[in-house]
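All remarks here apply to the structure that follows.
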C-alpha cells in the first residue's frame, strides 16, 4: 500500500518528468549533476538504477518508490475491485508415445467439437473446455521442454501438470524428466494412466513406480490424484476432468479481472492477410480491443481478439487463450505481455529494454559454477547448490547421488533437482538454466546441441569418470578450495632440419618454425616419434649468425637446448609456457 507521503516513480522516464515528480527544476538538477561529473540531458530516458542514483546524489528527503515497467502492473493488481475464481490452466507432460497429444485430441473432440456449435476452427495453442462445474484451459503444446523454456523467460504458465503415463510401459526416462521439471516450477501434479484399453497393462506396477518417485496415489494414503484413462475409447476422461476441477478448487486459483491485463505469449506466426498474430494466455486482468500491450521489446495496439473457436471477441479475461492482432514483430514464445497506458509509454519501455539488451549482450551469461561457488556462499547469495546428475548406469547414478547428498553442510545444502541415466541433453540444460543448477555427468557426455545450448545459456557442465574425483572437486568448491590448474600451453613448434656439432658449444639444431613463435629461454619439449624425450629450455637462438630474442612462424633459425645434445633431424621442438587456468565445469 502506498503511504500518503510516499511518491511513486515509474521508470523509464525522462529527467524532465523526474523533476516534475520531485518538484525540483530540471536545470537545477542538471547543474548539480554536472558539478558531480554526471552529464545528462533534460529529455534523456532514465532507468531504475539511474533514478535511484540521482535521488541519492541530490540527497532527496522525500520517500520515493522507484518502480520498473515490469513491477508496475503487479502493484496495480492490488488496486483491483477484488479477486475472483479463474479457470485452471493445465498442461500435459510425459514420455514420448505415452499419449499426450492423443489425450488432448480426445478431450477436444469430445467436449468442444461435438458439444459446441462450430467447434474449433483454428489452432491457437490452447483451448477451453466448459463443463457444468467449471471451465478448464488446456495448453495445446504439451512437453516439459517447452514448459520450462517459458519459465526461463519468467512465465509460469500452468497451474496443474497432468503427467501422462502409459499403463503398458510405466515410468520411462522422460516421465522422470517431466516430474522434475514440474517440481522445479512448483506446480500441482496429477497423473493420467493412459492406454488402459490395451491387453498387457499393469496399473499397480505403474503406481508402484510412481510412488518410488514421490507420487503416492490418494488411495494408498498419498496426495497424488491418479486417473485411469484411454484416449482411444475415451474411458475415464470425464473423471479426469472432474478431478482437474477438484484440484483447482483446492488450489484456490484467483485473479483480478479489473486490473491491467497481463499474460504470456504461447505461440506466434505471420499470417497472410493478417500480419503478425500471437496466441496469448491472459493470466490476470482483462485484455480488450484497443489496449496497448508490451511483450519483450515489441508493442501492439490490439486490433482484434479471436477466441479458440475462431470468433472475434471484444475482451478476454483471466485464464482465457486468445489470438492477438496488432504486433509489428514476433515476440518469443514465453514472453510476458501486459497492458500499458498508451503507445508513448510502450515505446519508452521498448526503447529501455533494447538498451538493456545491448548492455547484456556485452556481458557473457554465467550461471552458478564451481569456481564462483565459494564467493556466492561467502556473500550469502547461496544457501543451496542445485545439481542435475546424469550417469551411464543406474548403479553408478545411485552411488554418485548418495555421495553428493552427504556433502550438505550447515552453510550450504545439496539439492539434486533431476537424476537419470543417459547422456546430457537439451532438456537438462533448459532445466539447469531456469533453476541455476550445475550439470554433473558420470561416464556420459553432452550432445552437440546440449553443449551449444549450455554455451548460450551460461550453464556449466562437468563430466567425470571417477566418482571420488566428482565428490572431492564439488566438496572442495563448497569449501572454497577449488584451486586453479597449471597447464602447459603450446606457443610454438619448430622442426629440426639440420644438426651441427660445434666444439665448446655442443649440438645446434637448424630449424624451421612451423607454428607460432620461439624465444630464447622459453620452456621447450623435444618430441621424437610423438614421444617427449626432453623437457627443459632453449639455451640459444640465432638467425644466420646473429643472436636473436625471438623467431616467428615461417622463418629458419638455429637453436640449442639447455644441457641436451641428442638432437636428430626430424625432431620437433615445442615451445610452451605454464599458465594458471581457473577450473571450469566444462573441463
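Throughout, read-outs are computed from the coordinates displayed, never taken from laboratory work. This is a predicted model, so every value here is computed, not measured. Every residue, glycine among them, receives a Cβ derived from its backbone with ideal geometry; neighbour counts consider all protein chains shown.
A few points about this structure:
- Kirkwood hydrodynamic radius (C-alpha pairs) into Stokes-Einstein, the range 244-348, 20 °C and 1.002 mPa s, D in µm²/s: 154 µm²/s
- Protection-proxy order for peptides 493-506, 166-179, each taking the mean of Cβ atoms within 10 Å per residue, highest first: 166-179, 493-506
- Only Cα pairs under 8 Å and 6+ residues apart enter the sum, and on that basis the relative contact order of the range 485-581 stands at 41 percent.
- With each label modelled as a point 7 angstrom along the Cα→C-beta vector, the residue 269-residue 393 pair spans 4.8 nm.
- Mean Cα-pair separation over length for the range 382-481, i.e. relative contact order, pairs under 8 Å, 6 or more apart, %: 30 percent
- Relative contact order (%) - the range 456-521, alpha-carbon pairs under 8 angstrom, separation at least six: 25 percent
- The calculated FRET efficiency for the pair residue 252 and residue 515, based on their C-beta separation and a Förster distance of 56 Å, comes to about 0.25.
- Gained length - residue 52 relative to residue 218, 0.36 nm times residue gap less alpha-carbon distance: 54.5 nm
- Pairwise FRET efficiency - residue 384 versus residue 28, Cβ, R0 = 60 Å, nearest 0.05: 0.80
- Compared with the direct C-alpha span, the chain from residue 242 to residue 569 gains 109.3 nm at full extension, assuming 0.36 nm per residue.
- For the range 485-581, the Kirkwood estimate of hydrodynamic radius, built from reciprocal distances between every pair of different alpha carbons, is 13.2 Å.
- Normalised alpha carbon radius of gyration of the range 160-305 [divisor 2.2 N^0.38 Å]: 1.36
- By average C-beta atoms within 10 angstrom, highest first, the peptides 272-278, 332-338: 332-338, 272-278
- Label point at residue 105 placed 7 Å out along Cα→Cβ; residues across the range 281-316 whose backbone nitrogen lies under 20 Å: 309
- Separation of the residue 84 and residue 448 label points, Cα + 7 Å toward Cβ, nm: 5.4 nm
- Residue 123-residue 527 pseudo-label distance in nm [points 7 Å out on the Cα-to-Cβ vector]: 5.4 nm
- Ordering 468, 127, 564 from the fewest to the most neighbouring beta carbons within 10 Å gives 468, 564, 127.
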